[in-house]
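Let me begin by presenting the structure, written as structure tokens, before commenting on it.
The values are calculated or read from the model by the stated rules, or taken from the named source; none is laboratory data. Keep in mind that this is a model prediction, so the values were computed, not measured. With ideal geometry, Cβ positions are generated from the backbone for all residues, glycine too; neighbour counts draw on all protein chains shown.
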Amino acid sequence: MTTSAVTPGATRIGIVGVGRMGANIARRLRERGFILAAVADSDRARATELATELRTQAPATLAGVTAASDVVLTVVTDDAAMRAIFARSGDSLLAGAQGRTFVNCATVTPGVHVEIDALARAAGARAIEACMASSIPQALDGTLYLICGGDEEAFTRVRPLLEAMSSSLRFVGGPGRAAQVKALVNMLMNINTAGLAEALGLGAALGLDLEVLADVFAHTGANSRVLATDGADMLAREHEAYFSAAHAAKDSGIALALARSAGLDVPLAEATKKQYDRLVAHGHGEKDKSAIAELTFPDRAVFA
């Protein structure tokens, strides 16, 4: 296992999962001088297009990404996708992984991160979590807030890479800990979003001036980060996805599972997940989480 720190111009970086977040991370790292050695995605055409843009390769196999890279970042969707790319047999990032470091950025179940950590160690590699508490513009600008966990020695080694991606980062503990913290971040964010949607919806039903109402919220104890990011979109019914309703439902589910395992009752999180599940069931899972307002505002019958 190499102990040298990653450095621009020397360390080869692979990225698996190049949707909006992964692709913008790739652009950012290339801009900061890192060697972008390989990109891959379940959508082969997407990976090939990005590889052409960034003048790199899109290997046909996951093992090819590992072979080309010193550090592999993964930005995939869910538990199933994580287990697929770290499969115990067949095509897998673990093939030939001796000496590699995996930086796993997706919000998945904490137990999956624990599994991946053990599998990486068995393959002679190391893994860390770098959970992203930010969105698409921050990925491109390198201003992500990263919640990190896992192998602390590996974290120290890849810290220059993480700093190129972020404006702030925090190491919170061993395998699975960053995923636990991120699940709670998203649980609270989703509850706040649902609460804002209900308050604005009730204001609309009462005939209040919603611009004035939102300004009052901003100057009182009702203020929140969600008001700044989602309030105007709820009023304008503009729901271009920065953090999708489907992801909100998934992440609320992760938090609920943690609560059940701890024997804790979390009724607000339960109610919030039900709302996001309704959005997904109506076929609006790819809209932004702000679309939850469509369920609470009067006369928005599209979801009726």
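Which residue, of 207, 195, is out of contact with any helix residue (DSSP H, G or I) (no Cβ under 7 Å at 6 or more places or on another chain), within 22 Å of residue 300 (Cβ to Cβ), of a type outside the set (A, V, I, L, M, F, W, C) and in a helix (DSSP H, G or I)?
195
In this entry, residue 63 is excluded by the filter for residues that are under 22 Å from residue 95 (Cα atoms) and touching a strand residue (DSSP E or B) at 6+ places or on another chain (Cβ under 8 Å).
Can you find even one residue in region 194-213 that is within 30 Å of residue 237 (Cα to Cα), under 14 Å from the mean Cα position of the chain (by Cα) and either free of Cβ contacts under 8 Å to residues at least 40 places away in the same chain or surrounded by fewer than 23 Cβ atoms within 10 Å (Cβ to Cβ) (or both)?
No, because not a single residue in region 194-213 is within 30 Å of residue 237 (Cα to Cα), under 14 Å from the mean Cα position of the chain (by Cα) and either free of Cβ contacts under 8 Å to residues at least 40 places away in the same chain or surrounded by fewer than 23 Cβ atoms within 10 Å (Cβ to Cβ) (or both).
Being assigned by TED's automatic domain parsing to the domain that holds residue 79 and in contact with a helix residue (DSSP H, G or I) (Cβ under 6 Å, 6 or more places away or on another chain) holds for only one residue in 118, 127, and it is 127. The lone criterion from (1) in contact (Cβ under 8 Å) with a residue 60 or more places away in the chain; (2) more than 24 Å from residue 19 (Cβ to Cβ); (3) surrounded by 19 or more Cβ atoms within 10 Å (Cβ to Cβ) left unmet by residue 123 is number (1). In region 245-286, what residues are at pLDDT 95 or above and part of a loop (DSSP other than H, G, I, E, B)? Passing the criteria: 262, 263, 264, 265, 266. Entry remark, region 39-97: residues being of a type in the set (Lys, Arg), surrounded by fewer than 18 Cβ atoms within 10 Å (Cβ to Cβ) and within 19 Å of the chain's Cα centre (by Cα) number 1 in total.
Taken together, 181, 212, 112 contain a single residue that is at pLDDT 95 or above, in contact with a Lys or Arg (Cβ under 8 Å, 6 or more places away or on another chain), part of a helix (DSSP H, G or I) and β-branched (Val, Ile, Thr), which is 112.
Inclusion of residue 103 among residues that are among the β-branched types (Val, Ile, Thr), modelled with pLDDT of 95 or more and either within 17 Å of the chain's Cα centre (by Cα) or farther than 22 Å from residue 38 by Cα (or both) is warranted. In region 287-301, the residue that is surrounded by the fewest Cβ atoms within 10 Å (Cβ to Cβ) out of those that are of a type outside the set (Gly, Ala, Ser) and part of a helix (DSSP H, G or I) is 295.
For region 249-268, the criterion of being without any contact (Cβ under 8 Å) to a residue 12 or more places away in the chain, loosely packed, with under 14 Cβ neighbours inside 10 Å and closer than 22 Å to residue 77 by Cβ is met by no residue.
Of the residues making up region 142-158, just one is in contact (Cβ under 8 Å) with a residue 40 or more places away in the chain and among the polar types (S, T, N, Q), namely 156. In the set (1) closer than 29 Å to residue 246 by Cα; (2) modelled with pLDDT of 95 or more; (3) not charged (D, E, K, R), the condition left unmet by residue 77 is number (2).
Among the residues in region 155-167, are any among the small types (Gly, Ala, Ser) and under 17 Å from residue 258 (Cα atoms)? No, every residue in region 155-167 fails to be among the small types (Gly, Ala, Ser) and under 17 Å from residue 258 (Cα atoms).
Give the residue, chosen from 139, 63, 47, 95, that is in contact (Cβ under 8 Å) with a residue 12 or more places away in the chain, over 27 Å from residue 247 (Cα atoms) and part of a helix (DSSP H, G or I).
Criteria check complete, one pass: 63.
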